[in-house]
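The values are calculated or read from the model by the stated rules, or taken from the named source; none is laboratory data. Note that the structure is predicted; figures quoted are calculated from it, not measured. As a convention, Cβ positions derive from the backbone with ideal geometry for all residues, glycine included, and neighbour counts pool all protein chains shown. What goes into the accessible areas is simple: the full protein's heavy atoms, side chains included, and nothing from ligands, DNA or RNA. Shrake-Rupley method; radii C 1.70, N 1.55, O 1.52, S 1.80 Å.
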Amino acid sequence: MAEKFLIDSNSFMTPYRQYYAFDLVPTFWKELSKQTQSGTLILLDMVKAEIEKGKDELADWINKESGFVVCNHIAPEIIGKYQQVLQYVQTCGLYKEQALQTWANNDVADPWLIAVAAVNNYTLITAEVPSGGLSIKTPNKAAKIPDVAKAFGVKTGNLYYMMRHLNIKI
């Protein structure tokens, strides 16, 4: 079965704002558009909504792309896994209460992304990097997607991983 990619909002926003602006590197967006038709690019409804809030060129692009598989985060098996993700952040000892409070916020997509990827066996594409040196002796105040995803057996990668896998060249 072909690898499917669930894409975090930062993997759209960071390229758009920092290195693949539409007017400077339109090829990136054209190549990404071609890939949406394959069914291998998954967009969480919360991520789509977050991008649409920007009311910018990226929001316009995401709305024009009809090929994305949009995943609704409110499904029983996803909600159950989401609860497990939050419970892990709360009880694993690697994070301060602040991390749980942040992730438990209704509009934070991170735990939902991990839940959706775990339930559907998607590879989660994010610009976040692992914390490194997680320790019960010095709990972190912020949870990072790659660290928590690893605890749930979810494969993560960055934008370049996905581009190489899909043979996107600009």
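Points to keep in mind about this one:
- Surface analysis of the chain yields an accessible area of 52 Å² per residue, using protein heavy atoms and a 1.4 Å probe.
- The relative contact order of the chain comes to 27 percent, based on Cα pairs under 8 Å that sit 6 or more residues apart.
- Residues of the stretch 98-112 with amide N under 20 Å of the 7 Å Cα→Cβ point at Thr138: 98-100
- Relative contact order (%) - criterion: Cα under 8 Å, at least six apart; region: the stretch 40-92: 39
- When you filter the trypsin sites (Lys or Arg not before Pro) in the stretch 82-170 for DSSP loop state and at most 11 other Cβ atoms inside 10 Å of their Cβ, you are left with Lys137, Lys141, Lys169.
- Val25-Lys55 FRET efficiency (beta carbon distance; Förster radius 22 Å; 0.05 resolution): 0.55
- Normalised contact order of the stretch 120-170, rounded percent, pairs of Cα under 8 Å and 6 or more residues apart: 46
- Ligands, DNA and RNA left out, the accessible area of the chain computed with a 1.4 Å probe is 49% carbon and sulfur.
- Of interest is the spacing of the C-alpha centroids, which for the stretch 89-135 and the stretch 38-75 amounts to 20 Å.
- Förster radius 22 Å - calculated FRET efficiency between Gln83 and Asp45, Cβ distance, rounded to 0.05: 0.75
- Pair Asn63, Val108: separation of 7 Å Cα→Cβ label points (nm): 2.9
- Helix 26-36 axis, angle to the chain major axis (alpha carbon atoms, nearest 10°): 70
- Over 27 Å (Cα to Cα) - which of Lys48/Lys137; Lys96/Lys150; Lys64/Lys141 fall in this group: Lys48/Lys137; Lys64/Lys141
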